[in-house]
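The values are calculated or read from the model by the stated rules, or taken from the named source; none is laboratory data. In this text, all values refer to a predicted model and were calculated from it rather than measured experimentally. Using ideal geometry, Cβ is built from the backbone for each residue, glycine included, and neighbour counts are taken over all protein chains shown. In case anyone asks, the SASA skips ligands and DNA or RNA and just uses the protein heavy atoms, side chains included. Shrake-Rupley method; radii C 1.70, N 1.55, O 1.52, S 1.80 Å.
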Protein chains: 4
Amino acid sequence: MKSKYVFEINMKVRDYECDLQGIVNNANYQHYIEHTRSEFLRSEGISFVKLHEQGIDTVVARLSMVYKSPLRPDDTFQSCLAVRKEGIRYVFMQDIFRLPDHKHVLHADVTIVCLINGRLSDCELLNEIFGKYFQNE
Amino acid sequence: MKSKYVFEINMKVRDYECDLQGIVNNANYQHYIEHTRSEFLRSEGISFVKLHEQGIDTVVARLSMVYKSPLRPDDTFQSCLAVRKEGIRYVFMQDIFRLPDHKHVLHADVTIVCLINGRLSDCELLNEIFGKYFQNE
Amino acid sequence: MKSKYVFEINMKVRDYECDLQGIVNNANYQHYIEHTRSEFLRSEGISFVKLHEQGIDTVVARLSMVYKSPLRPDDTFQSCLAVRKEGIRYVFMQDIFRLPDHKHVLHADVTIVCLINGRLSDCELLNEIFGKYFQNE
Amino acid sequence: MKSKYVFEINMKVRDYECDLQGIVNNANYQHYIEHTRSEFLRSEGISFVKLHEQGIDTVVARLSMVYKSPLRPDDTFQSCLAVRKEGIRYVFMQDIFRLPDHKHVLHADVTIVCLINGRLSDCELLNEIFGKYFQNE
């Protein structure tokens, strides 16, 4: 499937995110893509925090990341996102590209599920928000 | 494949690793399993840092994580590891279990490759160190 | 004032806490000393998390740190703590020593205040818990 | 002394920087102000990373922070910086203001020293770069 991104933000590496090898530490990419999902949700007028306060917890059930090329201090990058629905799960397809050369840094598939008052549930609110973006075959 | 762990360490959640939802933030599990691999290597008398100083960089090429159950403040847990070889790649199979009830928290498969002086290479040193632990079918 | 520690824990540097310079990144010491305070509180049967759930938020009002000597990958260290009361503020005097040579790594003074239901207050519960440890001149 | 800032950047809180209390974890402010110093240096055409590669390590010797008001998820803020020289030490006076209301979040004084090939030294390069900004009484 050729994914068409529905949201993009630009970010910049911060020195403290780099480790002994002089490159961004692996775990920080997870922060980048989490922040991208948060900002996507905010662009729709809602947030994970507000959802949490309403008793809706979105949790990562599954994550896979393919590291293509490392980011280094001073690099800027574009973090892109598409989303599809699989049963009650939301699957975010996320890519990071270094700027300005668009070198592919990372691909991730992140599966999110909703717990409503602690119970695994289909979330009408998120279906409504994300629905127009779903890219299912 | 039923994996038999070749290394285990116990750790404890630190409050600052938890986020707004009151559970350990997803990216921190990646820190836990990275630390486990580091300590495994140290138990063999070498370290990623020393390897880096010798021009051998071990980099994560691929990572998949299945989140089974979250860790919370004050939880202690056991982080376990097995390793196999696939071509020139090292695949670490890692599991985290909450203590004392051994509830399954996370399963991860982490694929590591070696760059020797910047070039993707088979690493004799790591083959020697890890070789006795390889669990290939 | 010669401080006499009332609580100590041993910890170990994790590789991912080190930055490009090959030493523990400055902000991580703040994590170490926060974790030490958390564990001190837990050793008294309470936790910052439980306090938060009871509407008691302990917040850092002021922090000063003197960096004496850096920690490096594979270092183990001892994190020590004493506490005194100044008005409604709790001042934690914290030191980190590298092991096994007890080289002085860091001294910190951390001033904590309590917000009870959002209002700056003297906290009877914490006074009771910490009272026996106060080291006032 | 009334400090006049010589550098400013805008940043945004990322959800993962917030902890159980729903506010940015204390240690992350240290990241914010470190990133601000890094970007200040970059705006002058140099970086801590490049300095490190030239054998010049800038290390934090002393840090004090006064927490005025917490940042929360979705907050944007302005991070401002001034610098003065005291002997061979560089003292950065840093403030964070929430946007758009300019509420004062944090004041920090950060003392940096230079190690040139491991030896505490006065750094001509940094004197030249920072010199025009020094705000000494």
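Okay, residues lined up against (1) away from chain A (no Cβ under 14 Å); (2) farther than 27 Å from C:Arg72 by Cβ; (3) small (Gly, Ala, Ser); (4) in a strand (DSSP E or B):
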| position | (1), (2), (3), (4) |
| --- | --- |
| B:Tyr5 | yes, yes, no, no |
| B:Asn28 | no, no, no, no |
| B:Ile33 | no, no, no, no |
| B:Arg37 | no, no, no, no |
| B:Thr58 | no, no, no, yes |
| B:Ser69 | no, yes, yes, no |
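Taking (1) farther than 22 Å from C:Asn117 by Cα; (2) surrounded by fewer than 22 Cβ atoms within 10 Å (Cβ to Cβ); (3) modelled with pLDDT under 95 in turn, C:Asp19 satisfies each apart from (2).
Within 30 Å of C:Glu124 (Cα to Cα) and not aliphatic (A, V, I, L, M): is that true of C:Gly22 in this structure? No, not satisfied. A:Glu53 meets the conditions (1) closer than 21 Å to D:Arg14 by Cα; (2) modelled with pLDDT of 95 or more; (3) open to solvent by 30 Å² or more (accessible area, probe 1.4 Å) in every case but one. The failed one is (2).
Residue check: is C:Ser64 at the interface with another protein chain (Cβ under 9 Å from one of its Cβ atoms) and part of a helix (DSSP H, G or I)?
no
Is it the case that the stretch D:74-96 has a residue that's at pLDDT below 95, part of a loop (DSSP other than H, G, I, E, B) and either of a type in the set (Phe, Trp, Tyr) or within 16 Å of D:Asn10 (Cα to Cα) (or both)? Checked the stretch D:74-96: at least one residue is at pLDDT below 95, part of a loop (DSSP other than H, G, I, E, B) and either of a type in the set (Phe, Trp, Tyr) or within 16 Å of D:Asn10 (Cα to Cα) (or both).
Of a type in the set (Val, Ile, Thr), assigned to a strand (DSSP E or B) and facing chain C (nearest Cβ under 9 Å) - does that describe any residue in the stretch D:112-123? So far as the stretch D:112-123 goes, no, none of its residues is of a type in the set (Val, Ile, Thr), assigned to a strand (DSSP E or B) and facing chain C (nearest Cβ under 9 Å).
Of all residues in the stretch A:87-117, which are open to solvent by 10 Å² or more (accessible area, probe 1.4 Å) and without any contact (Cβ under 8 Å) to a residue 40 or more places away in the chain? Scanning the stretch A:87-117 gives A:Gly87, A:Ile88, A:Arg89, A:Phe97, A:Arg98, A:Pro100, A:Asp101, A:His102, A:Lys103, A:His104.
Of all residues in the stretch D:1-43, those satisfying the criterion of being closer than 20 Å to A:Cys18 by Cα and basic (Lys, Arg) are D:Lys12, D:Arg14, D:Arg37, D:Arg42.
Residues being modelled with pLDDT under 95 and either surrounded by 21 or more Cβ atoms within 10 Å (Cβ to Cβ) or charged (D, E, K, R) (or both): count how many of those fall in the stretch D:1-14. Break it down into steps so the answer makes sense when it comes.
Residues of the stretch D:1-14 modelled with pLDDT under 95: D:1-4.
Filter again for either surrounded by 21 or more Cβ atoms within 10 Å (Cβ to Cβ) or charged (D, E, K, R) (or both), leaving D:2, D:4.
Final tally of qualifying residues: 2.
Against the list (1) assigned to a strand (DSSP E or B); (2) more than 11 Å from chain C (Cβ to nearest Cβ); (3) surrounded by fewer than 20 Cβ atoms within 10 Å (Cβ to Cβ), the condition D:Arg42 fails is (1).
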